[in-house]
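What follows is one structure encoded as structure tokens, with my remarks underneath.
Every read-out reported here was derived from the displayed coordinates using simple, explicitly stated rules and does not represent laboratory data. Since the model is a prediction, treat every value here as computed from it, not as a measurement. Cβ coordinates were reconstructed from backbone atoms using ideal geometry, including for glycine residues, and neighbour counts include every protein chain displayed.
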Amino acid sequence: MSQSSQNGFRIDPSTFDECDIPDYMRGAIVRYYENGIPPGSFLQSVIDNDLREACGRADSTNRHALFNYVNWFYNHAPSGTWGYQGATAKYIEAFRRACQQGEKV
């Protein structure tokens, strides 16, 4: 499980190796959780549990790694921050509100 950073969640980079997340996608996940920066359309589709969009937006590497992403989010992402429609927008809004109030998400 991840731990809290200043306002968001600190992500343990070793968990990406466990789940075989492609190297070039790891930074987007870290920025999303630790800094509240919106991910690209593929990752947003994964986070929002939209398989059709995720498949349509995935490059060839990510298309083959879809199970790996679900495995990573299931085992390492903070609960309640992924897996339902609108999860990305809700987390980013909560992150921004926490930053404005000097709190943690």
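Data for the structure
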{"quantity": "Expected 222 nm ellipticity per residue - DSSP helices of 4 or more, -39500 (n - 2.57), all of the chain, to 500", "calculated": "-17500 deg cm²/dmol"}
{"quantity": "Inter-part distance where the stretch 10-35 and the stretch 49-74 are each reduced to a Cα centre, Å", "calculated": "14 Å"}
{"quantity": "Selection from TYR74, GLY40, ILE21 lying farthest towards where the dipole of the chain points positive, charges on Cβ", "calculated": "GLY40"}
{"quantity": "Computed FRET value (nearest 0.05) for ASN71 with ARG97, which takes r as the C-beta separation and R₀ as 22 Å", "calculated": "0.15"}
{"quantity": "Nonlocal amide H pairs with PHE9, under 5 Å, H built at 1.01 Å", "calculated": "GLU34"}
{"quantity": "Kirkwood Rh and Cα Rg combined as Rg over Rh, evaluated for the stretch 41-105", "calculated": "1.05"}
{"quantity": "Approximate spin-label separation ARG10-LYS104, in nm, with each point projected 7 Å along Cα-to-Cβ", "calculated": "1.0 nm"}
